[in-house]
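Heads up, the thing below is written out as structure tokens.
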Amino acid sequence: MTKRIAVIPGDGIGPEVIDAGMRVLERVNDEHRLGLEFTHFTWSADEYLRTGVSMPPGAMEDIRDHYAAVYLGAFGDPRVPDMKHAADILLGMRFQLDLYVNYRPVKLLDERLCPLKGKGVAEIDFVIFRENTEGAYVGMGGAFKKGTAEEVAVQEDVSTRKGVERIIRYAFEYAKRTGRKSVCMSDKSNVMRFGGDLWVRTFEEVGREYPGIEHFHMFVDALTMQMVRAPEMFDVIVTNNMFGDIVTDLGAALQGGLGVAASGNIHPGRVSLFEPIHGSAPKYAGKDTANPIGAILTAAMMLEYLGFYEECSLIERAVTSAILDHETTKDLGGSLGTRAAGEAILKRLG
């Protein structure tokens, strides 16, 4: 696999947090001689407003054919109300590069960050896999008599056997590889009978191939309740695109907020996309207040995907040390700005 990394800071606070992540990546890359090559792209709302182009022709093919990973900040700008550039770039990559695994670890690094009474680092340590290329987000549907009192809107939810099976199998393979004891599949098959039936049947069929791993099903409303009441009951959760979008943000809240949450959009063995899960937060852009930890942990996740496991662990330990020493931004109880919080982690890499 090539060692070229595409860096796309994006909009709002994206450039600030990606700058912090890049300083960590460059330090680790230089000191550990990883041989990574970084190419920076200026695709953003500014670029779109200036040129009318989200990505130049051939850019997606270039990313697919010549890069190992994409390190991305965030997209979203009130000057682009329809967010066309964000859809073209972020959703475009997810669908056109077939990044079918959305990987979201939920791991508490310090007990004081958890909003749940009596729950600590031992109880909050699980992983959510969200199907990333199908479901309600494929854009199928339409409107009839739009703008009238008789308007009808139809939004279609699409599941294929291939798409459902590969994300479920990925969840079981991850559990097997990492020593996790169980996989929970969550849906709403009691009311979404057709797609739900496909998910339930496929989950049971694949689950039988992994006799050493417990597998169980929960409706998504019950899942959200149990994530709050008893998060320790989960090791691996797998679900569809829309429900995954929701429950992963709940998971982020359990581990300390959106500012510390990392994510990967993965197609195993191919170029994959890594981004902190927070949005572009344009009202905080340029104020040196954004939390860089999500972006830095995302950089560590990207290194893990590329096979640099020790370097991933090194960054995670540095982040945990900074949190424990309260050298963080205000949202985590510290007093540092974005750049200083990144430097606090950087100095712990030595």
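Things to note:
- One residue from L34, L109, L72 being hydrophobic (A, V, I, L, M, F, W, C) and either in a helix (DSSP H, G or I) or outside the structural domain of L273 (by TED's automatic domain parsing) (or both): L109
- When residues of the stretch 305-350 are limited to those that are among the β-branched types (V, I, T) and surrounded by 19 or more Cβ atoms within 10 Å (Cβ to Cβ), the one farthest from V121 (Cα to Cα): T338
- The residue that is surrounded by the most Cβ atoms within 10 Å (Cβ to Cβ), counting only those in the stretch 1-45 that are closer than 21 Å to R339 by Cβ and of a type in the set (D, E, K, R), is D11.
- When the criteria are applied in full, D331 fails the requirement of being outside any helix (DSSP H, G or I), closer than 28 Å to S44 by Cα and charged (D, E, K, R).
- Options R33, R27, R50: the member that is over 16 Å from E311 (Cβ atoms) and of a type in the set (K, R): R50
- Filter result for L116 (under 29 Å from Y305 (Cβ atoms) and either of a type in the set (A, V, I, L, M) or touching a helix residue (DSSP H, G or I) at 6+ places or on another chain (Cβ under 8 Å) (or both)): no
- Filtered residues of the stretch 179-207 (kept if in contact (Cβ under 8 Å) with a residue 40 or more places away in the chain and not acidic (D, E)): R180, K181, S182, V183, C184, M185, S186, K188, G195, W199, T202, V206
- Pairs are defined by a Cβ separation below 6 Å, a sequence spacing of at least 6 or placement on different chains, a first member in the stretch 265-293 that is over 18 Å from D249 (Cα atoms), and a second member that is of a type in the set (V, I, T) and in a loop (DSSP other than H, G, I, E, B); the pairs so defined are Y284/I13; A285/I13.
- Boolean, T338 is closer than 17 Å to L109 by Cα and β-branched (V, I, T): no
- If you filter the stretch 166-185 down to residues that are touching a helix residue (DSSP H, G or I) at 6+ places or on another chain (Cβ under 9 Å) and among the basic types (K, R), you find that the one that is nearest to N240 (Cα to Cα) is R169.
- Condition met for V200 (of a type in the set (V, I, T), out of contact with any strand residue (DSSP E or B) (no Cβ under 6 Å at 6 or more places or on another chain) and either within 30 Å of D325 (Cβ to Cβ) or assigned to a helix (DSSP H, G or I) (or both)): yes
The values are calculated or read from the model by the stated rules, or taken from the named source; none is laboratory data. All of these numbers come straight from a predicted model, not from anything done at the bench. We place every Cβ from the backbone using ideal geometry, glycine too, and count neighbours over all the protein chains shown.
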